[in-house]
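Any read-out appearing in this document is the output of simple, stated calculations on the displayed coordinates, not a laboratory observation. Because the structure is a prediction, the values reported are computed rather than measured. Here the Cβ positions follow ideal geometry from the backbone for every residue, glycine too, while neighbour counts run over all protein chains shown.
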Amino acid sequence: MQIYADNAATTKMSEAAVEAMTDCMRNQWGNPSSLYTIGQKAKEKLEEAREEIAAIINASPREIIFTSGGSESDNQALLTAAINGRKQGKTHIVSSAFEHHAILHTLKKLEKNGFEVTLLPVHENGIVRLDELDAAIRDDTCLVTIMTANNEIGTIQPIAEIGKLCKNRGVIFHTDAVQAVGHLPIDVKAQNIDMLSASAHKFHGPKGVGFLYARKGIILQNLIEGGAQERGKRAGTENLPGILAMAAALKEATANMERDNAHKTAIRDRIIEGLSQIPHSALNGDAVQRLSGNVNFSFEGIEGEGILLLLDQKGISASSGSACTSGALDPSHVLLSIGRVHDVAHGSLRLSIGEDITEEEAEYIIASVKEVVEHLRSFSPVWRDLTEGKKEFILK
Ligand SMILES: *Cc1c(COP(=O)(O)O)cnc(C)c1O
């Protein structure tokens, strides 16, 4: 059996997206900035895609800027809020400890440039607390940036409440919604979102394309200077094949969202129930406020890399709780942020299931993970120490 269970890392392009992309490459290859018919036809398609995407998140087309993906959108949003904030003497930013590196590394850069950053804790359930956010906001806070759903443990933040709080306190609110767009309903007006980042390849669109929503009135700062594309806020000839494919993928994902979420939630909960039977294991993140496709477990006494390699041999593609950053194995900052200690965080597994997963595949995943964990523990020195009482178990 071949099961792709790493949809949080990337998704397979949908047929509708491939169709839109190839049609564009064959028939709409003009430059949208050109004045002759071929160019203007491309321009029409570009604006149609912008309208479709805007409507899905209840924005107006002028509020959508096309980018190269989630990372660029995050960078542009943070830079915008920082530069605009500094002009008003505001140099404090509030975020959370378990954001994506596109946010955290940009915040580090801003810190080096005189900004002060407060990272809110996300607690054991992987969710920020509104009273702590309220307390963290200061007179000189220019931005609150909190992700809609976490890419590792799938926990969903109370975005509408955060948006309302920020609005009441007069602070710009940005959300990295890369894991949420196409998977959860988004309404930027009802949720009081000022800026939002999205990436096509997380909802069955192509890689290298995404968008940034910025509410009317927010003056975007450029990351890329050049031509007047995207109303002067993002230079470079538009990636029209990518943009049209993104719009097609998002339309499809939105149309099927309810059905897909109901199906994935049932399968997710079955997998969680099955893996919970493994002794000395624990689910990471809230069991209910989480993406329908996300299962994340820690298993004591073993290493995530081993789990992945053995699951791969069984045809299952998954991801672990250690990020191989710069060749060294660091436990995931997300798992550390919810209080997992290093050893436990290292033995973690993320399964992010897709829409077409079957019950049979879920049972195969459960049986395979059980077998793999048992096998790895059978020759793990750490596990031996734990069972012989030389070390104490952390997970029940
Ligand atoms: C994937 C991801 C990103 C980065 O998006 P790219 O399009 O790959 O640059 C940012 N934030 C989150 C939460 C993600 O899951």
Checklist entry - So how do I137, I153 line up by other beta-carbon neighbours within 10 Å, fewest first? => result I137, I153
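One quarter of the convex hull surface, Cα atoms only: what value does that give for the chain in nm²?
About 20.2 nm², averaged over all directions.
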Checklist entry - Quick one: if you stick a label point 7 Å off each Cα along the C-beta vector at L283 and K112, how many nm between them? => result 4.1
Item to check | GNM top mover of G315, G154, G69 - the chain, alpha-carbon springs below 10 Å | outcome: G315
Checklist entry - In terms of modelled amide H atoms, which long-range or inter-chain residues lie less than 5 Å from the amide H of A177? => result T148, S197
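Looking at the stretch 257-387 from every direction and averaging, what is the projected area of its Cα convex hull in nm²?
Working: hull surface 33.1 nm².
Averaging across all directions leaves 8.3 nm² for the Cα convex hull.
How high is the FRET efficiency between Q221 and N58 when r is their beta carbon distance and R₀ equals 22 Å, given to the nearest 0.05? Could you put the intermediate results ahead of the total?
On the way: r = 24 Å, r/R0 = 1.11.
Once rounded, the FRET efficiency stands at 0.35.
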Checklist entry - Where a ≥ b ≥ c are the square roots of the eigenvalues of the C-alpha gyration tensor, would you call the stretch 1-159 rounded, which needs a/c under 1.5, or, failing that, prolate if a/b is larger than b/c, or oblate? => result oblate
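Kindly flag which residue pairs out of K45/K167; K108/K233; K43/K164 have an alpha-carbon separation exceeding 32 Å in this structure. Walk me through the intermediate numbers first.
Numbers: K45/K167 35 Å; K108/K233 24 Å; K43/K164 36 Å.
Result: K45/K167; K43/K164 exceed 32 Å.
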Item to check | Sites A160 and D140, calculated FRET efficiency, Cβ-Cβ separation with R0 35 Å, nearest 0.05 | outcome: 0.85
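Okay, helix-only estimate at 222 nm for the chain: each DSSP H run of n ≥ 4 adds -39500 (n - 2.57), divide by all residues, round to 500 deg cm²/dmol; what do you get? If you can, show how the numbers build up before the last one.
Details: 13 runs with 164 residues, N = 396.
Mean residue ellipticity, 222 nm, calculated: -13000 deg cm²/dmol.
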Next on the checklist: Explain nothing, just compute: Karplus ³J(HN,Hα) = 6.51 cos²θ - 1.76 cosθ + 1.60, θ = phi - 60°, for every residue of the stretch 290-303 in order, whole Hz, x for Gly and Pro.
Outcome noted: 9, 4, 5, x, 9, 10, 9, 10, 10, 10, 6, x, 9, 10
Checklist entry - Counting only residues 5 or more places away or on other chains, whose amide H sits under 5 Å from the amide H of E116 once H atoms are built in the peptide plane? => result H92, I93
Item to check | Label-reachable residues, the stretch 143-170, where backbone N falls under 20 Å from a point 7 Å from E124's Cα toward its Cβ | outcome: 153-158
Next on the checklist: For the chain, set up a GNM with springs between Cα atoms under 10 Å and report which of L240, L349, L329 has the largest fluctuation.
Outcome noted: L329
